[in-house]
Structures are given as structure tokens and as C-alpha cells.
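No lab work stands behind these numbers, since they all come straight from the coordinates. This is a predicted model, so every value here is computed, not measured. Reconstructed Cβ throughout: ideal geometry from the backbone, glycine too, with neighbour counts over all protein chains shown.
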Amino acid sequence: MSHVFDPEVLHEIARKAGGLPFDDLTRVVVDEVQRAYPGHVDGRDEYIFNLTSGGCGMMKILHASITEYLIIFGSAIGTEAFSGRYQMDIHDFVIKGEMRTYTDDRCGECVVTRPGERALLPRGRVKGWRIDEGTWMLEYGRGFLPSALPLALADVVLSALDWRIVVQTFRIYGRHALRELRQGKL
């Protein structure tokens, strides 16, 4: 399984955008990721709602393949949820705002991740999380991405009943995944 993205490089990119106003931080992230990984990042200005395990935010898909995804994720008003349990590692690089988390093995401890810092949800683990108003992150997942789609879309299908979001998600994910397959990348 080949991977395009390096979490250390992504962390540095997120730090460069730290604290900037929303439009500026997204432009810096997109420009820097496209420069670091030419041909693997789509900078189109497409944001879609992400409703997963009780949380509601906006995401901009920069890259998606069978084995990796890269998104800008956040919320203007904040949100909280259960992470879900995935067959992938998920790295969150906080650009603006704060993320608070707790885990089942340390349920009495609140871990705060601030701008310029990173959090890792290792494959097979879970956590509760909350982001403050105006929090934006660069999120990178590495593993078998199709295994995450049922959880990622369950709230949209079963609770929100918003088929437009389902169609948008599959259209954008499909466009990215097909582009990567044409380049020989899973």
C-alpha cells in the first residue's frame, strides 16, 4: 500500500496557516499542499456538510483515494461527537481554535489540542471530541477508506435524511479516487 502524504509535512503546512482568518487559512493550506504534492490535491472551493456520529461540521475534500484522505474540517459554531472506530489512523492538525478529546482508557482526562498542535486517533481506537466555535483543522486519514464510509454517512442517511449530501460526498470522493487510480495510486 503506497501513501502519498507525510504527516510531518502536513503538520508544518497546518502551522503555516495557524491563526489566519478562514479564507486566508484555506488558501494557504490548499496552496502549500498542492505545492508539496502536485497532481494529488484538488483545490476546488467545494464545502459540504459532514454529519458523523453526532457531530456537524463542514469539510473541503483536498484528496481522497482508497488508502488516504485529506480534508479541511471545522465549524463556525462548534460541535461535539463520538469519533467512531476506524480501520485507519486519523491525524488532526489544528489550524485555528481548539479541540478537546477524551478516550475510554482515560475518561477523566481532557486533552486540549491548540493551533499548531496535532492529535492522532490510532486505528481501532475511539474518543469523544469537541471543537470550539471557529475551529478549523487539516485532517489526514491513512488506511482502508471505504471501511469508514458507512459510519461517515450513517447520520446523513438515517437521521438528517439528506440525500443531497450523500450524492455530493460520493461525487467528490469518486472524482478524487478515480483520478488517483488513473495515476496508479490506491
Requested in this report: Would you calculate the separation in nanometres between label points at Glu46 and Phe22, each defined as 7 Å from the Cα along the Cα-to-beta-carbon direction?
Outcome: 2.0
Query raised in the report: Which distance in nm do the two modelled labels at Gln183 and Phe170 give, with both placed 7 Å along the Cα-to-Cβ direction?
Result: 2.5
Query - Equivalent ellipsoid, segment 1-151 (semi-axes from 5 times Cα gyration tensor eigenvalues, Å) - result: 22, 19, 14
Query raised in the report: If R0 is 22 Å, what FRET efficiency do you get for Asp162 and Arg85 from their C-beta distance, rounded to 0.05?
Result: 0.40
Query raised in the report: Using helices alone, what [θ] at 222 nm do you get for the chain, with -39,500 (n - 2.57) per DSSP H run of 4 or more residues, divided over all residues and rounded to the nearest 500?
Result: -9000 deg cm²/dmol
Query raised in the report: Calculated FRET efficiency, Glu109 and Asp6, Cβ-Cβ r, R0 35 Å, to nearest 0.05?
Result: 0.75
Query raised in the report: Among residues other than Lys96 whose Cβ falls under 13 Å from its Cβ, what is the net charge (Lys/Arg +1, Asp/Glu -1)?
Result: -4
Query - the chain, dipole about Cα centre (Lys/Arg Cβ +1, Asp/Glu Cβ -1), debye to the nearest 20 - result: 440
Report summary line: Ordered by fewest other Cβ atoms within 10 Å, a rough proxy for footprinting exposure, Met88, Met58 read Met58, Met88
Report summary line: When the charge dipole of segment 7-182 is computed with +1 at the Cβ of Lys and Arg and -1 at the Cβ of Asp and Glu, the Cα pointing farthest to the positive end, of Pro150, Ile131, Phe73, is that of Pro150
**Report entry** Simple spin-label estimate for Arg130 and Ala154 in nanometres, 7 Å along Cα-Cβ
**Finding:** 2.3
Report summary line: Those GluC sites (Glu not before Pro) from segment 68-112 that are DSSP loop and have at most 11 other Cβ neighbours within 10 Å turn out to be none
Report summary line: A student applying the Cα gyration tensor rule (rounded when a/c is under 1.5; otherwise prolate if a/b is larger than b/c, oblate if not) would label segment 68-186 prolate
